[in-house]
Structures are given as C-alpha cells and as structure tokens.
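What follows is one structure encoded as structure tokens, with my remarks underneath.
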Amino acid sequence: MTMEKKVNIIVVDVVDDEEIVRASLTGWLEEDGYRVEAVESGRKALERLPEREWDLMLVDLKMPGMDGIQLMDEVHKTAPEMLVIIMTAYATVDTAVKAMKKGAYDYFVKPFNPDDISLTIRKIVDHHKLVQENLFLRKELKKQYKLRDMISKNEKMLEIFDLARTVAKSSSTVLIQGESGTGKELLARAIHDESPRMDAPFISVSCASLTESLLESELFGHEKGAFTGATALNRGKLELAQDGTLFLDEIGDISLKLQMDLLRVLEQREFRRVGGSELIPINSRIIAATNRDLAAAIEAERFRADLYYRLNVISIHIPPLRERREDIPLLVDHFIEKFNIEMGKEIRGISEGAVRILMSNDWPGNARELRNVIERAVVVAKGNIVTESDISLPSAASAANHRTKSLEEIEKAHIRVVLNENQWNIVRSAHALGIDRVTLYNKIKKFDLKKEGGAAKK
Amino acid sequence: MDHGILEWLREEMGDCLMATVRILPPIPVPPESFESRRNQHYSTKILKVMLGDVPQDALKLLGVTDKDLCIPILTYVFGEAQVGGTAAVVSLARLRQEHYWLTPDRSLLLERLRKECLHELGHTFGLVHCPSRDCVMYLSNTVVDVDTRGRDFCRGCQTVVASNTATERRG
C-alpha cells in the first residue's frame, strides 16, 4: 500500500522565519509521505522555484523582508497555478480576506488543529490528481480529434478523418474538393502518411502555377534533346512519386490537352517522357484537389467528364471553416501551441473576447487565414494571453467605405493594394491575404492585375 | 511513569518487532521543551535531547511520557518520530480516557499506547502514513482514529520494516 502513496508525492515549500516551525512542520508532513523542502525567506523560496515542480506552498504571513502575500504575488507571476496556503500566528479577518482575495488556497492560524491541515492537504492532493487526470484526458480527447496535422471536432470532418484512414490503406485515386485554405493538401499528406506508402515520396504539383508545356514536362519529364533547352534527361513528378503519392493540386485549372494526357495515364497506368518512346509504368497513388466546382466546369465543357469520373473514385469535400465554427477554438489552441514552439513564446491561451471576435468572422480564407491571424497575434501579444487587441481582421469600417462597390471590385482593389505593399512578391502577398500562391495567381489572372510599370512576375 | 505500563510495552514491542527491547533509566523531560503559553511540551525539542543519549547497541530509542506534547504549528500531537531516523516519542496524556472527561480504562489505554508506539517506531523505519485503515501506519489525528485503525503493520509496511531492520542491523 505504501507504493501507491509514493506516486502522488506532493512538494510543500515551507517558508517560515522560525527554525522550529520549519523543522516541526517539515517533519510532520514527511510522516505523511510528502516531499518537503524548507527555506527561511521569501527570497530563497523564489530562488528555489525553478528547481522543481512544486505543487503546494505553505507560506508564513509575517516574515522579515518580503511578507507571505508579497511572496505569493511574486510566485503567481511565474507560476499562476501554484497553490498557496498562508499561515499566521496573528490572525485578523482583514489579512485572511486579503490573502484569499489575492489567490491563496487557504488560510491557517497557528497552531493548527492536526485534523484541519491533514484534511486540507488531502483535498489538495485529490485536486492535484484531478488536474493531472484532466490534462491526460484532454490530450487523449485531442488525439481523437486529430488526423496527423489536421484537427477538428466537427462531425463531418471526423467522418472525413475516418474515411481518409480507410482510404489510406488502399491505392484508390482520391479527389479532394474544398475552398482555398480548408486544408486539401494537409489531408492529402495525411492520407499518404497513414498509408503503407508513407516511406515513399509525397510529390506535390501545383497545376495552376505552370503553363501547359511546363506542366507537361513537369509531370512527365523529358528526354535529353526533347525540345530546345532540354540539355539533359529530366524525370517528371510522375516518376519521382514512384511507390508514393502524387498530389495534383488545382486540377481544375489544367488545359483540355493535359486533361486528355492525364486521363490516358490514369487508364493505362503508364506514360512516356516528353520526347521519349519508352513506356514507364506508374504505381503511385494519385490524389487530386481543386477549389473549383468541377460539375459546373464539366457543364461549361472546361473539364472532361471522363477524367472527372476517373479521379472521383473516392470523393472528399472539406467543408469551409464558417460551416464548422466549433473548430475555431480548437484550431486556435492548436495554432498557438504550434507558434509557441516555432517562436519560443509562452502564450497560455486566448481571452474570451478574442475568441468571440474569431467566432463571428466568416473566414473566407478558411483555416489558413485563421492561422495567419493567430500567427500575427502570437507575435504581437504582450502578455501570455492573446487578447482582443492582438487580433487583426479586416475592419467593418473599411468594408463600409466600399458599400457602393461590388464584392469583386473590393476584392480586386484589395489584392492590388496588398501586392503593391509587398512589391509584388507573390509569397508575401499571398501570406498577407491569407490565401495560397496558386489562388493569388488565379486572382491576378482573373482580375487582369498588372504590376505598375511591368507585367506580373511569374 | 507507571513501571507496569513500561514492562507491558517492552514485551509487546519485542513481540511485534521481533527484537530485544530494554527499559532504560528514566530521563527528565528537558525544561527547554516546555511552552508555558500552551502548557505543553515541544516534542521536537524532546527528540533532540533524546538523540544525544542513544546507547551504542540500540537500533531505535522510544521515549514515553505523561506530558502533553505539541509542535509549534499543531495544537497537539500523540507523538513524533524522525522518519528513517533513530528516535521517537509518544505521550500518554491524550490517550487516557480521563483527558476527555471519561472513566479511566487501563486496557484501552494500553491498546492505544501499543498502536501509537508501533506507529511512531514505524516512522523511524522509514514508513510514511499508509492509506489502509487496517494498518497501524494509517494517519490518526484524533483518539477515535487511533481506536479505529488497525493494531499491526499491513503486509506492505511490514515488508518495509523487515527489510529496513535487516539493512540497519548490517550497517
């Protein structure tokens, strides 16, 4: 039975200026199985603080130099969760109330009734156990909400996670649809990481960012001398993804000719390099993604129906963030944790007001946009809590100024402003807008935006 | 101190710990341990004095006193021991029924004393309080607790005592 006790040893820090008090309290607590360290002043207690994870502090109220309440204040600056019991021989209602208001867990008048202190410390041990259990359960729960780097507690998303885990075991082609920033590539990577192909490469191709001929050579590779400038043999992404996963992002943006070529590859499971004659078999899994409405594109004859059916073996539609607002707090915690590590910060959480602001936004750029807002908030946060003032969203006032304009006009104007602010650096501008590069290229094309004094840099 | 009680205790402790137990000549309770404001004696100060007087061949030294004991931060204690050390002291004062305005009961007093002495000696063998109510090492803050807890070590605590006794004897 004694073994069970040792697991839950609680550390009590006795700060008392009378040696006999320290010795007797220490001895008495040690008999009860606690690990006790006694120091004679508040200053010494503060020095010892970083040495170990203290669970409880018993502090004498009257000490020379720093008194018990001052010490408690100091301790709570760095360890807000520390439980402090104030002890005093000269009790007044005022000091007791002050101590409790300042955050003391309890207040004892010396000498104590042995039963009182036993009971209080037992209560603390139980509390400590519950806190530990709660932390453990929260972590366990979080695991259930996770698929690799994706996190959600939305029912639809959890179904998607389940489907992804199942699909991962097969080699079926997957088509992921969803708005920009919903995490299509993350899901594709998760499927790859959960699959038996996890040790083979995951190759990603952004179809919208390349011209037709470049994309063809990018996908299929080319033989030496296939065209002017082809000075050496170049293996394409299809070849590089051998045994692994080929992720074709923005598949809705490829030309009809390439659609034809890709269809042939999917049907015959083999291809030729540009300018080559050798047939190369492929055994990689293909995952395609798009933010376009492919059904409408088929209707408008911009996308081949037969390719669509080839790709759409397993179809996954990721809902936009505004349709799963319950994920916002979860994602916020996830991003804060991530940026804490990346930036070496110690943000502990986010204020209720800040969460309210985030919950009421529509997030056109989805989780990616939310991530950018949190990244900025973590950078600018002064304390260890993200507050309303750290959150920067497009303000309602600036939107109101554009009331007479259409949404498209505002979007176009805003993108132009951001591009100019970033000297047309696409990566930085896309980051600021909370969209990916490919989407930005598409918007530049769509709105026919041009760099003042030259063309858009490609 | 009633010599009959000490003689009885010597036999009981000898049986419980399977050890030779000797009664030493009485020593006065150190005057510096007296706390006049509380009319009690600080047990920690008594332990300090006892430690200066441990016979060379003794493994443990148990003091028994009629004085009411306390420590500065607690209103009273039944006894005190050094965890994993040599000395322990037990008071009869609060084990007597008379202390609670009840009719004296010698056999109850002896039973309580046996439990308290075994409990404090258990601490000197390195034991801390045991979560089992059936074990003599269960924490007792009141005389009711003393009466309701077990009169011997549980199996776990017994093992620790046996193993530590062997180690200390070898040392």
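FYI, it's all coordinate maths here, none of it is from the lab. Note that the coordinates shown come from a computational prediction; the quantities given were computed from them, not determined experimentally. We place every Cβ from the backbone using ideal geometry, glycine too, and count neighbours over all the protein chains shown.
Provide B:Cys130, B:Cys154 in ascending order of the number of other Cβ atoms located within 10 Å of each residue's Cβ, fewest first.
So the residues, fewest neighbours to most, are B:Cys154, B:Cys130.
Report ³J(HN,Hα) in whole Hz for each residue of region A:53-59, in order, from the Karplus equation J = 6.51 cos²θ - 1.76 cosθ + 1.60 where θ = phi - 60°; Gly and Pro get x.
8, 7, 9, 8, 10, 9, 10
Residues in region A:251-280 near a label at A:Lys224, defined as backbone nitrogen under 18 Å from the 7 Å Cα→Cβ point?
Correct set: A:273-278.
What distance in nm lies between label points placed 7 Å from Cα along the C-beta direction at A:Leu214 and A:Glu352?
It is 5.2 nm.
Quote the FRET efficiency, to the nearest 0.05, computed for A:Glu326 versus A:Glu133 with a Förster distance R0 of 25 Å and r equal to the Cβ-Cβ distance.
E between A:Glu326 and A:Glu133, to the nearest 0.05, is 0.55.
Over all residues in A:31-37, what is the mean tally of Cβ atoms on other chains that come within 10 Å of each residue's Cβ?
Average neighbour count from other chains, rounded to a whole number: 4.
Taking every residue in B:137-144, how many Cβ atoms of other protein chains lie within 10 Å of its Cβ, on average?
3
What is the sum of charges, Lys and Arg at +1 and Asp and Glu at -1, for the other residues whose Cβ falls under 10 Å from the Cβ of A:Arg302?
Within the 10 Å Cβ shell, the charges total -1.
Tabulate in residue order the Karplus-calculated ³J(HN,Hα) for region A:345-356, using 6.51 cos²θ - 1.76 cosθ + 1.60 with θ = phi - 60°, rounded to whole Hz; enter x for Gly and Pro.
9, 10, 6, 8, x, 9, 6, 4, x, 5, 5, 4
Expressed as a rounded percentage, what relative contact order does region A:61-203 have, with Cα pairs under 8 Å and six or more residues apart?
Taking the mean separation of contacting Cα pairs over the length of region A:61-203, I get 14 percent.
Cα convex hull of region A:322-393: how many Å³ per residue?
Hull volume normalised by residue count: 72 Å³.
Averaged over every viewing direction, what's the projected area of the C-alpha convex hull for region A:166-319? Give it in nm², one decimal, please.
If I average the Cα hull's projected area over directions, I get 8.9 nm².
Using the structure shown, select from A:Lys101/A:Lys382; A:Lys77/A:Lys101; A:Lys44/A:Lys382 the pairs with a Cα to Cα distance greater than 23 angstrom.
A:Lys101/A:Lys382; A:Lys44/A:Lys382, as the Cα separations exceed 23 Å there.
So how do B:Ser91, A:Ser171 line up by other beta-carbon neighbours within 10 Å, fewest first?
Ordered by Cβ neighbours within 10 Å, fewest first: A:Ser171, B:Ser91.
Compute the long axis of helix A:437-447 from its Cα atoms, compare it with the longest principal axis of the Cα atoms of chain A, and write down the angle in degrees, 0 to 90, nearest 10.
50
Taking every DSSP beta bridge with both residues inside region B:1-96, roughly what % is antiparallel (nearest 5)?
50
Residues of region A:179-219 with the amide nitrogen closer than 18 Å to a label point 7 Å from the Cα of A:Gln242, along Cα-to-Cβ, please.
Zone members listed by number: A:197-204, A:218-219.
Any chance you could check the Cα centroid distance between region B:126-171 and region A:118-186 for me, in angstrom?
Region B:126-171 and region A:118-186 have Cα centres separated by 45 Å.
How would you rank A:His76, B:His119, going from fewest to most other Cβ atoms within 10 Å of each one's own Cβ?
Going from sparsest to densest Cβ surroundings: A:His76, B:His119.
Mind giving me the FRET efficiency for A:Lys77 and A:His317? R0 is 41 Å, r the Cβ-Cβ distance, nearest 0.05 is fine.
About 0.25, to the nearest 0.05.
A:Leu233's amide H: which non-local residues (gap 5+, or another chain) put their own amide H closer than 5 Å, with H modeled 1.01 Å from N in plane and none for Pro or chain starts?
The list, which skips near neighbours in sequence, is A:Lys224.
Can you give me the Cα centroid spacing of region A:90-110 and region B:32-107 in angstrom?
31
Using R₀ = 22 Å, calculate the FRET efficiency as 1/(1 + (r/R₀)^6) where r is the Cβ-Cβ separation of A:Asp162 and A:Met198; round to 0.05.
The formula returns an efficiency of 0.75 here.
So which chymotrypsin sites (Phe, Trp or Tyr not before Pro) in region A:221-328 end up in coil per DSSP with only 13 or fewer other C-beta atoms within 10 Å?
Loop-located and lightly packed - A:Phe227.
Throw me the Rg/Rh for region A:289-412, computed over C-alpha atoms with Kirkwood Rh, two decimals.
Computed over Cα atoms, the ratio is 1.10.
What's the average, rounded to a whole number, of partner chain beta-carbon atoms within 10 Å of each residue's beta-carbon in B:65-75?
Rounded to a whole number, the mean comes out at 6.
Using the Karplus curve 6.51 cos²θ - 1.76 cosθ + 1.60 with θ = phi - 60°, work out ³J(HN,Hα) for each residue of region B:35-43 in order, rounded to whole Hz, and write x for Gly and Pro.
10, 5, 4, 10, 6, 9, 10, 6, 5
So if I take the alpha carbon set of region B:16-171, get Rg, then get Rh from the Kirkwood formula, what is the Rg over Rh ratio?
Ratio of gyration radius to Kirkwood radius: 0.95.
Scaled to the compact-protein estimate 2.2 N^0.38 Å, what is the alpha-carbon radius of gyration of region B:1-83, rounded to two decimal places?
The value comes to 1.16.
Once you sort the root eigenvalues of the Cα gyration tensor of region A:142-224 as a ≥ b ≥ c, which label holds: rounded (a/c under 1.5), prolate (a/b larger than b/c) or oblate (the other case)?
Taking the square roots of the gyration eigenvalues as a ≥ b ≥ c, region A:142-224 is prolate.
For region A:2-141, divide the Cα radius of gyration by the Kirkwood radius and give the resulting Rg/Rh value with two decimals.
A ratio of 0.96.
Treating each Cα of region A:402-447 as an identical point scatterer and ignoring solvent, apply the Debye formula and state log10 I(q)/I(0) at q = 0.14, 0.16, 0.28 Å⁻¹.
Evaluating at q = 0.14, 0.16, 0.28 Å⁻¹ gives log10 I(q)/I(0) of -0.30, -0.39, -1.02.
What would the Debye formula give as log10 I(q)/I(0) at q = 0.15, 0.19, 0.20 Å⁻¹ for the alpha-carbon point model of region A:235-343, no solvent?
Ignoring solvent entirely, the Cα scatterers give -0.79, -1.00, -1.06.
Along the principal axes of its C-alpha atoms, what lengths does the protein assembly as shown span, in descending order and rounded to whole Å?
Principal extents (Cα only, largest first): 113, 57, 43 Å.
Could you work out the relative contact order of chain A? I mean the mean sequence separation of Cα pairs under 8 Å and 6+ apart, divided by the number of residues, in percent.
Answer for chain A is 11 percent.
Report the relative contact order of chain B, percent, no decimals, based on alpha-carbon pairs under 8 angstrom and at least 6 residues apart.
Over chain B, the number comes to 16 percent.
With no other cysteine's Cβ closer than 4.7 Å, which Cys residues of the protein assembly as shown count as lacking a disulfide-compatible partner?
A:Cys207, B:Cys16, B:Cys70, B:Cys117, B:Cys157
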